[in-house]
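What follows is a single structure, written as structure tokens, with notes after it.
FYI, it's all coordinate maths here, none of it is from the lab. Source: prediction; values computed, not measured. Neighbour counts are summed over all protein chains in view; Cβ atoms, including those assigned to glycine, are modelled from backbone coordinates with ideal geometry.
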Amino acid sequence: MTLLPSDRALVPFVSVQHMMGLVHEIGIEKMLLDLATEIEGDFRRWESFDKTPRVASHSPVGVIELMPTSDGQMYGFKYVNGHPKNTREGLQTVTAFGLLADVETGYPKLLTEMTLLTALRTAATSAMAARHLAPEQSRCMAMIGNGAQAEFQCLAFKAVCGIDTVRLYDIDPVATRKAARNLQDSGLTVITCKSSQEAIEGAQIITTCTADKQYATILTDNMIGSGVHINAIGGDCPGKTELHRDILMRSDIFVEYPPQTRVEGEIQQLDPDHPTTELWQVITGQKPGRRDGRQITLFDSVGFAIEDFSALRYIHRAIQGTDLYVELDLLADPDDPRDLFGMLGRARP
């Protein structure tokens, strides 16, 4: 016989198509601004979260990770990979999905794609951090690395920080042309550049977002003058960095969760006791962020599970009252919770 699932067995699932529809319904800049606000709110209550470095399975070609956290009421995790070689095979470097669950029962409340959502929350986090760390009245950003993340970063900095000009550079000019084309109707002034050096000219904010899994030097010490904010988001696993060590030595460094960043971020190049400031402490006023106009601030961002938790909770609210999800029969929920086998038997054809 056919057994219909109970309401408790059904879990909302947001597909890629649904996520794209939700972004267009809300508007991408508003959604980025909303996510930045949501993430900042959770950074303000940072101490209420379970925190652990992501669980990573490394291989010679990439990494597969689980990123869990909980605030005691809800639990969330993200599955995400990072395989830089994928683009040569016509595949995404990063793919992801995530789940939000009720701590009281353990029942899932949301299952969603997070490839698009990770790009959105990463950009929102970058811009939220810059709102606290970048020079006042910053209007120009250099975007070095013009892959899948670039346009999201540019639009987030426009929506959250008010930049009006982006200077694009990638070692692959096809990527730069792609990013420029996608941003042509964004309201930003878009300038394509032929080198990293050219890209950073006149920029108050410098974002690096390159993908190769190697110790790289995207920016050298002589390129970086005083008074800029560096948003380094490409380094996110052991053996993968973008900045020359000397830049780090001249910068005030801000991080998400030090035990994770010291393994995966730019600061893996430094001594384990090199001083850093946790971003949540700046947001709550416990530690200073930017102190003066000559300071070099560096957000050494590797991505942390609380940011994904914020995004999952935002999506869970945003889909209410819409048709931008389907209900999956994901949980076995027999009438008698002790009779799972009986439920199976009654479903015999």
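Brief remarks on what is shown
- Between GLU29 and ASP271, the contour length at 0.36 nm per residue exceeds the Cα-Cα span by 83.2 nm.
- Among beta bridges from DSSP that stay inside segment 212-349, the antiparallel ones total about 10%.
- Calculated from backbone phi, Karplus (6.51, -1.76, 1.60) coupling profile of segment 68-84 in Hz, x at Gly/Pro: x, 6, 8, 9, x, 10, 10, 10, x, 8, 10, 9, 8, 10, x, 10, x
- Distance cut-off 22 Å, percentage of C-alpha pairs in segment 194-325 lying past it: 42
- Residue with peak Gaussian network fluctuation, the chain [Cα springs, cutoff 10 Å], from PRO259, PRO108, PRO53: PRO259
- Placing +1 on the Cβ of every Lys and Arg and -1 on the Cβ of every Asp and Glu, with nothing else charged, gives the chain a dipole about its Cα centre of roughly 580 debye.
- The Cβ shell under 11 Å around THR189 holds other residues with a net charge of +2, Lys and Arg each +1, Asp and Glu each -1.
- Inter-site label distance for SER57 and ASN182 at 7 Å from Cα along Cβ, in nm: 2.9
- In summary, segment 1-103 shows an alpha-carbon radius of gyration equal to 1.36 times the 2.2 N^0.38 Å reference for compact globular proteins.
- Applying 1/(1 + (r/R0)^6) with r as the Cβ-Cβ distance of ASP50 and VAL263 and R0 = 22 angstrom yields a FRET efficiency of 0.75.
- Separation of alpha-carbon centers, segment 135-155 and segment 73-98, rounded to whole Å: 22
- Fully extending the segment from THR115 to VAL103, taken as 0.36 nm per residue of separation minus the present Cα-Cα distance, adds 1.8 nm.
- Antiparallel %, DSSP beta bridges [both residues in the chain], to 5: 50
- Taking 0.36 nm per residue of separation and subtracting the current Cα-Cα distance, fully stretching the chain between ASP336 and ASP252 would add 24.4 nm.
- Mean ellipticity per residue at 222 nm, deg cm²/dmol - from DSSP H runs of n ≥ 4 across the chain, formula -39500 (n - 2.57): -9500 deg cm²/dmol
- Choice from ARG291, ARG44, ARG313 showing the highest fluctuation, given a GNM over the chain with Cα pairs closer than 10 Å: ARG291
- Candidate cross-link partners of LYS109 among the aspartates and glutamates, defined by an alpha-carbon separation under 13 Å and a same-chain spacing of 8 or more, comprise ASP7, GLU327, ASP329.
- Antiparallel DSSP beta bridges within segment 125-303, as percent of all bridges there, nearest 5: 5
- Ratio Rg/Rh, restricted to segment 258-349 and using Cα atoms, in which Rh is the Kirkwood radius: 1.28
- Each Lys and Arg adds +1 at its Cβ and each Asp and Glu adds -1 at its Cβ; summed about the Cα centre, segment 163-256 shows a dipole of about 220 debye.
- Cα-based shape type of segment 122-228, given that a ≥ b ≥ c are square roots of the gyration tensor eigenvalues and the cut on a/c is 1.5: rounded
- Set the Cα radius of gyration of segment 233-288 against 2.2 N^0.38 Å, with N its number of residues, and you get 1.10.
- Along its three principal directions, the equivalent ellipsoid of the chain from the Cα gyration tensor extends over semi-axes of 38, 22, 19 Å, largest first.
- Near THR217, no amide H atom lies under 5 Å from its own; only residues 5 or more places off or on other chains count, and H is placed 1.01 Å from N.
- Using a Gaussian network model of the chain in which every pair of alpha carbons under 10 angstrom is joined by a spring, one finds that among ASP271, ASP323, ASP339 the greatest mean-square fluctuation is at ASP339.
- Rounded to the nearest Hz, the phi-derived 3J(HN,Hα) couplings of segment 241-246 under the Karplus curve 6.51 cos²θ - 1.76 cosθ + 1.60 (θ = phi - 60°) are 9, 10, 10, 5, 4, 5, where x marks glycine and proline.
- For ARG139, the residues 5 or more places off, or on other chains, whose built amide H falls under 5 Å of its own are GLN204.
- For segment 46-141: rounded, prolate or oblate by the Cα gyration tensor [a/c cutoff 1.5]: oblate
- Distance violations [Cα-Cα > 19 Å] among LYS51/LYS240; LYS85/LYS240; LYS51/LYS78; LYS85/LYS194: LYS51/LYS240; LYS85/LYS194
- Normalised convex hull volume, segment 96-157, alpha-carbon set, Å³ per residue: 102
- Residues whose amide H falls under 5 Å from that of ALA96, counting only those 5 or more places apart or on a different chain, are MET114, THR115, with hydrogens built in the peptide plane.
- Relative contact order of segment 125-303, defined on C-alpha pairs under 8 angstrom at six or more residues apart (%): 23
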